[in-house]
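Following: one structure in structure tokens, then a few remarks.
Nothing in this text is a laboratory measurement; each read-out follows from the coordinates by a stated rule. The structure presented is a predicted model; accordingly, all values stated were derived computationally and were not measured. For neighbour counting, all protein chains shown are included, and Cβ atoms are generated from backbone atoms with ideal geometry for every residue, glycine included.
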Amino acid sequence: MKTDVEELSPTRVKLTIEVPFDELEHAFDETYKSLAKQVRIKGFRPGKAPARLIDRYVGRGAVISEAVNHAVPELYNEAIQKEELFALGQPDVEVTKLEDNDELAFTAEVDIRPRFEVSDYKGIEVTVDNAEVTDEQVDEQVGTLRERFSTLVGVDRPIEDGDHLSIDLSAAIDGEKLEDVAVSGYSYEVGTNTMLEGLDETLRGMESGGEATFKTTLVGGEHEGKEADVTVTVHSVKVKELPELDDEFAQLASEFDTIDELRDDVRKRMTEVRRLQQLSAARDKALEKLIESVDIPLPDSVVDEEITRRRQSLEQQLAQGGLTKEAYLESQEKTEEEFEEELTSGARSAVKAGFILDQLAIQEDLSADQGELSQYVFEQAQRMGVSPDQLAQHLVESNQIRVAFTEVVRGKAMDLVLAGAKVTDEDGNVVEQETAATEAGDADEAVETVTEAVDATADTDEPAEAADDASAKDESAK
């Protein structure tokens with residue numbers, strides 16, 4: 001087999017492959033075996049008809065065509081490996097010469113990962129927020145806990161913001177009562193402005209047992225957008241009574257005996273959270289700087305696929321939430337143009353990050369073993385709220401094991417970047433990067449269904465190509 005490689009661009013090549021017919025013997029053998037089982041030739045059992053009779057029965061042209069269809073993918077993969085190319089996606093193949101008992105020639109155009117080296121990834125400097133927790137932040141957290149143990153107590157006075165009411169609502173248009181616009185015994189907190197426009201203004205100053213009518217525009221239902229007379233009746237007025245912040249409260253709300261012990265524990269937990277946030281921010285910022293430091297071309301097809309994936313993911317989320325894209329853009333205060341620009345920029349960054357981390361993994365000879373893949377499945381299952389074996393089974397059935405392998409290897413590459421980075425907080429203090437080891441628990445046992453499927457992947461010396469999942473960076477690199 002003869003192979004020539006023409007570089008069409010830094011991210012796309014054209015392979016010209018020429019193969020003498022005598023090198024297609026394996027493809028013809030497989031073709032004859034397959035056709036022999038399909039055809040019925042008198043005097044021969046199924047699968048036993050000789051090649052010369054099959055040629056006459058189905059036609060030599062059909063046999064050659066079938067053999068070529070079988071041979072081309074194998075020849076293409078052999079050429080890719082021989083030329084050490086990292087192909088992205090499926091090639092565009094064109095047969096340029098096909099002469100019986102002479103030669104097969106075809107071309108294959110395909111996008112490839114750009115060739116480059118990742119240098120200067122050590123010593124990246126990033127600054128993150130301070131992890132120190134202030135007294136005010138502790139007070140706020142304790143106050144939130146205090147709210148959970150509050151009680152509602154009835155009061156006999158005019159209604160104020162923050163009061164909790166039990167109300168009835170009814171509506172009428174031109175004196176005709178709307179049966180489908182009415183609620184009874186509805187619990188409502190004054191000042192939240194979460195119901196009809198004008199309701200809060202009407203309630204302020206009323207008392208328990210009072211009734212008032214106001215005009216408003218209805219939202220939702222068949223009368224949406226119409227102005228109606230809404231009558232509100234107040235059944236009860238209650239205020240939230242908070243417990244005293246003393247030792248008794250600490251014993252009620254926690255395992256601690258004193259309020260000081262409770263506050264100390266809250267501060268400790270908040271500091272741990274801030275610490276994790278520091279490391280997460282450091283990871284993101286280090287990756288951003290690494291992306292900025294490497295200048296590589298990106299294949300348009302891979303970027304387009306990532307844009308499509310992100311758009312479909314957003315559309316699915318909006319549909320599940322019952323929102324339109326227009327409503328989403330309005331809530332984000334973005335124009336369609338700004339949205340598209342942000343989508344494209346994010347997709348390009350994700351693809352670029354994947355290429356960089358893949359290359360770094362190659363340079364540092366990183367891989368993933370069975371235990372690491374099992375741990376990844378276990379952690380992802382916890383995040384998704386499903387059992388590890390369910391997720392493992394899904395990965396096997398959808399042929400996504402390679403993606404999981406890519407996630408793990410890219411994560412290890414990002415760990416190298418972060419380990420070599422200089423991370424300081426806003427006050428200039430060095431942020432230590434050692435983290436507590438995650439307990440695997442029953443991870444290995446829970447994902448036994450994935451074992452055989454990942455064996456071949458885990459044994460390879462190379463990380464998965466970016467084509468396997470250009471967006472794998474989103475989870476592993478952050």
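Odds and ends about this structure:
- For the chain, the ratio of Cα radius of gyration to the globular rule of thumb 2.2 N^0.38 Å stands at 1.46.
- Each of G61, M1, F21 was scored by the projection of its Cα onto the charge dipole of the range 1-63, and the greatest displacement toward the positive side belongs to G61; charges sit on the C-beta of Lys, Arg, Asp and Glu.
- Förster radius 35 Å - calculated FRET efficiency between E224 and D161 (Cβ-Cβ, nearest 0.05): 0.80
- Among the listed pairs K177/K325; K352/K422; K122/K412; K82/K285; K37/K82; K14/K97, those whose Cα-Cα separation exceeds 26 Å are K177/K325; K82/K285; K37/K82.
- Per-residue ellipticity at 222 nm, computed for the chain from helices alone with -39500 (n - 2.57) per DSSP H run of at least four residues, works out to -15000 deg cm²/dmol.
- Sites E272 and E364, calculated FRET efficiency, Cβ-Cβ separation with R0 35 Å, nearest 0.05: 0.70
- Between the beta carbons of A51 and E338, assuming R0 = 51 Å, the FRET efficiency works out to 0.20 to the nearest 0.05.
- Length released on extending from M384 to S150, taking residue separation times 0.36 nm less the Cα-Cα span: 81.0 nm
- Fraction in percent of alpha-carbon pairs per bin - 5 Å, the range 301-401: 2, 10, 12, 14, 18, 18, 13, 8, 4, 1
- In terms of Cα atoms, the Rg and Dmax of the range 190-245 work out to 14.3, 49 Å.
- Put a dot 7 Å past the Cα of S65, heading toward its Cβ, do the same for Q141, and the two dots end up 7.1 nm apart.
- Compactness of the range 2-112 as Cα Rg over 2.2 N^0.38 Å, two decimals: 1.26
- In the calculated pair-distance distribution of the range 61-134, the portion above 14 angstrom amounts to 73 percent of the Cα-Cα pairs.
- Degrees between helix 401-419 axis and first principal axis of the chain (Cα, 0 to 90, nearest 10): 70
- For the range 77-201, the Cα gyration tensor yields ellipsoid semi-axes of 72, 34, 12 Å (square root of five times each eigenvalue, largest first, whole Å).
- In summary, the range 143-236 shows an alpha-carbon radius of gyration equal to 1.17 times the 2.2 N^0.38 Å reference for compact globular proteins.
- Both radii are taken from the alpha-carbon atoms of the range 327-367; with Rh as the Kirkwood radius, Rg/Rh is 1.32.
- Net charge, D92 excluded, C-beta distance under 12 Å - Lys, Arg +1, Asp, Glu -1: -1
- Contour excess over end-to-end distance, with Cα ends at E292 and E23 and 0.36 nm allotted per residue: 92.1 nm
- Rg and Dmax of the range 240-371, Cα atoms only, in Å: 23.4, 65
- Coarse-grained scattering of the range 209-277 at q = 0.14, 0.19 Å⁻¹, given as base-10 log I(q)/I(0) from a Debye sum over alpha-carbon atoms: -0.66, -0.83
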